[in-house]
Each structure stands twice: as C-alpha cells, then as structure tokens.
Amino acid sequence: MLSRSAAAWAALAVVVFAGVRPASAAVAPPPVTAADRALAEYFRAQTAALAARCLADVHTGDDWQAQRERRRRELFEMLGLWPLPERSDLRAVVTGRLEQDEFTVEKLHFQSLPGLYVTANLYLPKGRTAPAPAVLYVCGHAPVKRDGVSFGNKVAYQHHGQWLARHGYVCLVLDTLQLGELEGLHHGTYREGLWWWNARGYTPAGVEVWNCLRALDYLGTRPEVDPRRLGMTGRSGGGAYTWFTAALDERVRVAAPVAGITDLQNHVVDGCVEGHCDCMYFVNTHRWDFPLVAALIAPRPLLLLNTDADPLFPLDGVLRLHAKVRRLYELCGASTNLGLVIGPGPHLDTQDLQVPVLRWFNRHLRGEDPLIRDAAEKRFEPEPLRVFTAPPAGALNARVHEVFVPRAAPVPPPDTRAAWETWREDRTRSLRGQCFAGWPEEPEPLAPAEVARAEAGGGRVQVLEFTSQAQVRLPLLVFTATTGPKPQRLRLTVLDEEEWSALASDLAREYPALADRFAPAGTPESAAAPAPQARWRRELAAAPGTVWVALAPRGVGPTAWSGDARKQVHLRRRFMLLGQTLDAMRVWDVVRAAAVLHTVPDRAGLPLTLEGRQGMSGVALYAGLFVPGLEALELTALPVSHEQGPDFLNVLRVLDVPQAVALAAARARVRLRATDPAVAEFARETGRRLGWPADRITVEP
C-alpha cells in the first residue's frame, strides 16, 4: 500500500481535462415506420431491464465476493473459453532484435494453441538491475499493410511499447487476430453473414482474450519481468480486450483500458453496435450489462479513459458505467483504486490519454509518481518490426473460428427409455438456459383481439392481434370454412416474408373489405378479381375440418423493419447483445401464437399441426419442442445443420438439427419435405431403439 492520504488518492483517481463538452451519445436514425418505432421501444425496454438488474443484488462487499467467481465463470463461458483450452507449449521463438540507446526490441511469436500464432514485439528497457514491472499492450484496429503484406497493428502502436520501455517497463505489444501478420477474421456477423458464430457460441473476442492470457504466461517465463507487477492497457479494441482479460485473470494487477468501454444502452439503443465488429463483444448468454465486466476487476486498480466526443464509446455511457463500478469499489473499500480520465476530442490516440496511463502504472506498479516530460513517438518503419519473413505452414489463424469453440460431442441415439429421458431432459434444459435465456421470465398477458373479419365464397378470415412480448404485437390470421364439418384440428403455419406477401395479395383480392389493410403498395385495381387458388382455399380443401392459421412473426409482414440489408444485419446483432437472437424470439412468437389458439372458443384442445418452410422450418421445429398439445410437425427444406440456420445462441454446443428432430419426434409426428434424409437418421434410429411407431417420422421429396 502506498503511503498517500485518502484525499490525495481521490484527487489522483479522477482526471478531467479542460474542454470537456456535455455528455453525448451516438444518435441512431429516427424510426421511420410504426414497426421501426415498436422495435426501437423494444430495444430500449430490454436494455433498460438489463441495466436495472446489473449489480442490483450487490449491497455489500461480501455480496460481491459471494458471486464473483460465478460471474467470472459466466464470462469465460460467454467468450467461448469454458472449459479453458489446454495451455499447450507456447513454442516461443525470437526471430530478431533491434537496438536503440534506451531499449531493445525483440521480434517474436508464440503459439497460444498449436498452430494459432501470435506475433508480437517485446520492448526491454536497458540498464535494468532487477526484474522490472511489465505491461501487456493490446492493439486497436489499425491495419498496417504494404503491397499486400501485413506488418501487424503492433507497428501502428509501437510508440506505446517504446515509451513504456524508456520509462523502465518491459512491454509486450501483441498483434490482434484480424490485423496481425497472419490475418484472421473479426467480421463474421458484421460483414460475412456467418451467423453460425452465434450458434457455435464463438466470438473473436474469445480468441483475443485467450491470446492475452497466453501472453501473460509468456511474460511469466521472462527473467526480465517481475510477475508480481503486471499491468495491461490498450485502446479501442485493445481497451475491450484489456477489461475482458483483467476481469478474468488476477495476474493483471493494474488495468487501464482506453476508449474500449461503454454500456449496453450506447451499443443497442444509440446504435454504436453499427461501428463495431464482432471482436468487441462476448456472446451475451447470461444477459449482462457491461459494468459487470469492469466490476470483476475490483478491487484491483482500474483506470477508465475516454475522450468526450468519441462516437464509438459515447461519454454518457462511459459515465453511467463508471458510476456503477464506482459504487462497487466503494462497497469493497477500494474507491481510490478506481480512476476516470476524460480528455477532449474524438476517437483518437491522444497524449491526453497516454500520459495518465503511464502515471497510473507508476503509482500502482512502482509506488512513485515522477513528472513525465516527454511524449510517445514512433521510431521505426513497419518493415523492421515484422516477425515473419514468410508465413508458417499450417497456421490456424485464418480459420480459427471453425475450431476454437468445440461443438457438442456426438452421441449415439439412446437405446433405453431411461437413457432417452435423461438425455432429453438434459438437452431441453440446456436449450432453455443457453439458447433461449432471452425469453421472458414472466410473460405478458396474450391480450388477443379481433381487429378485422371478412367472409366470402365459403370462407371466413379473422384477423387477430396478440402480445408476444411488451412492444411486440403480432397478427394471426385464422381461416375457417363456413360450410362442411365443424373444426376438428388446427394447422398453424409460420410465414416468411415471401409467403406473407403472397398471402396479403390474395387477401386484398379475395376480401375487398380488407384491401386497405393488406393490399401491397401499387397493387393495380384489376387485381381485385377473385382468386380461387388462394392458399387458404387449398389448405382448407385439402383437409376438411381444419382451421388454417397463419402467423407473421416479428420482423415479417406488418412488423417488418425498414432499412437495407446492412441495417437488417445490425438489427440482428442488437438481439445478440441482449442475450437473444431474432430467430429465437420468433420461436417464442410461435409458442405464444399456439397459446392464443387455445383461448379461442371452440378451438381449445383441438390437435395442432405446426408448419414451417424454408427459413421458418427451423423456427417451427424448435417451437414444436415447447408447444403443448402438438400432434404433428410439417417442415419443408429444413437445414441439415445450424451451420445454415436457424440462428440460436450456443445451440451447436448443445445439439444440432438432427438431434432436435428426435426431440420433436418424441412429442409428435414429424414430416420432412425437400430435406436431406440424413437429417432424420438420428431420430429414426432413436425410434427404432425405443419402439416408436413407424410413421413417427417421414421424409418426402
């Protein structure tokens, strides 16, 4: 403990530079349609709920001690790091050295996993007489390439390593996965359409953190380093990896993340997610707001640094996060170990932020606070800092996302009823906790209401609306024949956008009274002629006594959101930040729609068939695991694996589509059309072993 008064420490704990403007956030474009407004309100309400519960159950330091290790385990899990990978031999190699008057640079690489190379520069101060304190510096997004050759973002941030070494610190500057000498990928959901990253529970943030953990291992092998005095810092992406790593590993005695932290409100409500690639986020299975990450560093020294006009990490969110974490530090009796620096300017690597970091390390790692007279500056061109002259054969970096988080281990079909029940209960519980944890804990009343009705040509349509969640009112179209047998069964179809458009056009033509509600824009008047081949006519004629029901889940039809394909990508990414996915919440919509049907007079208790085609086939499949009273599932073009969809968090860590088909077949008949027969094999073999009826699962062209 340094010999400073509490008042002096408090003065050092918060540094605010002149020129600070009022707190401001990135502003998302205003909603355009009623559906946009409802979605914006949904995101606002969901985010507020997570913010309200963040650290709300912590009233004393003992409260936090009681849950800290559980929270740390959750963060490991959400980064794809639980169970932790094996700490294999680092195979560290120094490929060259550069000499300066005040420091030496070693160019090195190590393997955080076999074949996963981490390139780095190690800055060693000259004139050491004893092991020195060390800083792990992690880089932000700053590519340095010439003629197609990547020199790594360590080159862009070299001045930090040099500056720290000139002030007596060993400093290891790491390349990141995407912007290192061996380039990997950060933009799976952001740009590449790799939504299966969610299903795998994969985020490149997990790889970055793992590389940092192994970098700490490497520093522990160096005789120049005092392992009891390790600090960590970095800006932007490096700021994010700093607070993740320091939260997980207490070898980081002092942390100073720069411009890498804000709260969920900024990301989801204010739209900052649109400026960040996937490496900035964990897979939010446990539905955290981000102050929980910083809280895991308490009571160790933590300095938060940001500028006042940063659109990627807006000031208002930084201040909200700091206030919550400050309360925790106070409860832990360590308020002087938390600092906040706000400098002027946008998202830039400024000296206003660099100097306080060095002062923070000096105070907490060296017990001193000398005057800092010089500035960080770059001394090398990119080429001399390059580690590899040629890429190593077999490097894993470009495809690490394919193997980093293991899938659920394959299991043979259970061969006894007891084994089946154990497996079924375990998988269902895991699905609910790891994939569908974003479902409401206390569902809203369904509040079904008929908003329109029409009758013509022997058919009747009722247009119902119901509440799936607060801010989510959905349409349910109920078609019945006005002649023939009374209703005997229900058939619920989950529509995609193409099916909804066709149905809406048919409705506008068939039922003129509904034209204002359903006619697509620009429909010519000549389209008002009867359409005898309308889909509901085919559905009702194919099975007399059937009530055909069409559901447009959220984001389809009347609740479709405006914006181009990029906008839709970022809306989907917002769901993940809330511990949900759009597909998972559509499953919830189907479960709720089925509940509505059982509230309608003369419909309660009728056997139900659930149908989904193309992209909605997987949604219908999983709804079938939770809908009571299900008689049959009819699925067309079901994906063979969650590698293709649907998009649920962590589902490939639990099971894949063939095993889900088996779970469904245990509850109802399953008919697959236009689907790879291999999808049914696990269920068929399970049925053979357990004696299910032969028609429990069928596959048709």
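In the neighborhood of Arg669, defined by Cβ-to-Cβ distances under 14 Å, what is the net charge if each Lys or Arg adds +1 and each Asp or Glu adds -1? Display every interim value, and only then the final one.
Details: positive: Arg489, Arg491, Arg667, Arg671, Arg673, Arg684, Arg696; negative: Glu611, Glu631, Glu634, Asp695, Glu700.
Counting the neighbours of Arg669, the net charge comes to +2.
Can you tell me the order of 451-458, 617-624, 494-501 when each peptide is scored by its average per-residue count of other Cβ atoms within 10 angstrom, highest first? Can you show the working numbers first?
Numbers: 451-458: 14.0, 617-624: 26.9, 494-501: 18.9.
Per-residue Cβ counts within 10 Å, averaged per peptide and sorted highest first, yield 617-624, 494-501, 451-458.
For the pair Lys145 and Ile372, what calculated FRET efficiency results from E = 1/(1 + (r/R0)^6), where r is the Cβ-Cβ distance and R0 = 30 Å, to the nearest 0.05? Walk me through the numbers before you get to the answer.
Details: r = 33 Å, r/R0 = 1.09.
FRET efficiency, Ile372 to Lys145: 0.35.
What does the charge count near Gly61 come to, summing +1 for each Lys or Arg and -1 for each Asp or Glu among other residues with Cβ under 12 Å from its Cβ? Show your work: numbers first, answer last.
Values: positive: Arg68, Arg327; negative: Asp62, Asp63, Glu330.
Surrounding charge for Gly61 is -1.
If you plug each phi of the range 330-338 into the Karplus form 6.51 cos²θ - 1.76 cosθ + 1.60 with θ = phi - 60°, what whole-Hz ³J(HN,Hα) values come out, in order, with x for Gly and Pro?
Karplus values, whole Hz, x for Gly and Pro: 5, 5, 8, x, 9, 4, 6, 8, 10.
Gap in Å between the Cα centre of the range 415-456 and the Cα centre of the range 163-229?
39
Using only the Cα atoms of the range 222-339, what are the Rg and Dmax in Å?
Answer for the range 222-339, Rg first and Dmax second: 14.1, 48 Å.
Would you calculate, for the chain, the mean residue ellipticity at 222 nm contributed by helices, counting each DSSP H stretch of 4 or more residues as -39,500 (n - 2.57) and dividing by all residues, to the nearest 500? Display every interim value, and only then the final one.
On the way: 19 runs with 218 residues, N = 701.
Using -39500 (n - 2.57) per qualifying helix, the result is -9500 deg cm²/dmol.
Please give every one of the aspartates and glutamates within straight-line cross-link reach of Lys126, meaning a C-alpha to C-alpha distance under 12 Å, and leave out same-chain neighbours fewer than 8 residues apart.
Partners found: Glu99, Asp101, Glu102, Glu224.
Run the dipole for the chain about the Cα centre, Lys and Arg Cβ at +1, Asp and Glu Cβ at -1, nothing else charged, and hand back the magnitude in debye, nearest 20.
On the way: 79 positive and 77 negative charges, 190 e Å.
Roughly 920 debye, rounded to the nearest 20.
Which order do the peptides 158-169, 59-70 take when ranked by the mean count of other beta-carbon atoms within 10 Å per residue, highest first?
Peptide ranking by packing, descending: 158-169, 59-70.
Starting with the highest mean, order 576-589, 313-326 by the number of other Cβ atoms within 10 Å, averaged over the residues of each peptide.
Working: 576-589: 24.2, 313-326: 22.0.
Per-residue mean Cβ counts within 10 Å order the peptides as 576-589, 313-326.
Calculate how steeply helix 582-597 sits against the longest principal axis of the alpha-carbon atoms of the chain, using the helix alpha-carbon long axis, and give the answer as 0 to 90 degrees to the nearest 10.
30
Report ³J(HN,Hα) in whole Hz for each residue of the range 258-273, in order, from the Karplus equation J = 6.51 cos²θ - 1.76 cosθ + 1.60 where θ = phi - 60°; Gly and Pro get x.
Coupling constants for the range 258-273: 10, 6, x, 9, 7, 9, 4, 4, 4, 6, 8, 6, 7, x, 5, 4 Hz.
Can you tell me the 0 to 90 degree angle between the C-alpha axis of helix 417-430 and the longest principal axis of the chain, rounded to 10?
Computed tilt is about 60 degrees.
Quick one: Karplus J couplings for the range 492-501, per residue in order, coefficients 6.51, -1.76, 1.60, θ = phi - 60°, nearest Hz, x for Gly and Pro?
These are the phi-based 3J(HN,Hα) values: 9, 10, 8, 8, 9, 5, 5, 5, 4, 4 Hz.
Ala456 to Val403: extension gain in nm, 0.36 nm per residue of separation minus the Cα-Cα distance?
Numbers: separation 53, 0.36 × 53 = 19.08 nm, distance 5.73 nm.
Here the segment from Ala456 to Val403 would lengthen by 13.4 nm.
Between the alpha-carbon centers of the range 269-324 and the range 134-156, tell me the distance in whole angstrom.
Each part's Cα centre sits 23 Å from the other's.
List the lysines whose Cα sits under 18 Å from the Cα of Lys145, skipping any in the same chain fewer than 8 residues away.
Hits, sequence-local ones excluded: Lys107, Lys154, Lys378.
Given R₀ = 25 Å, what would the calculated FRET efficiency be for Arg87 paired with Arg228, taking r from the Cβ atoms and rounding to 0.05? Mind dumping the intermediate values first?
Numbers: r = 20 Å, r/R0 = 0.81.
Given R0 = 25 Å and the Cβ-Cβ separation, E is 0.80.
Computed from the coordinates by the stated procedures, all read-outs in this text should not be read as laboratory data. The structure displayed is predicted, hence computed values, not measured ones. All Cβ positions, glycine included, derive from the backbone under ideal geometry; neighbour counts span all protein chains shown.
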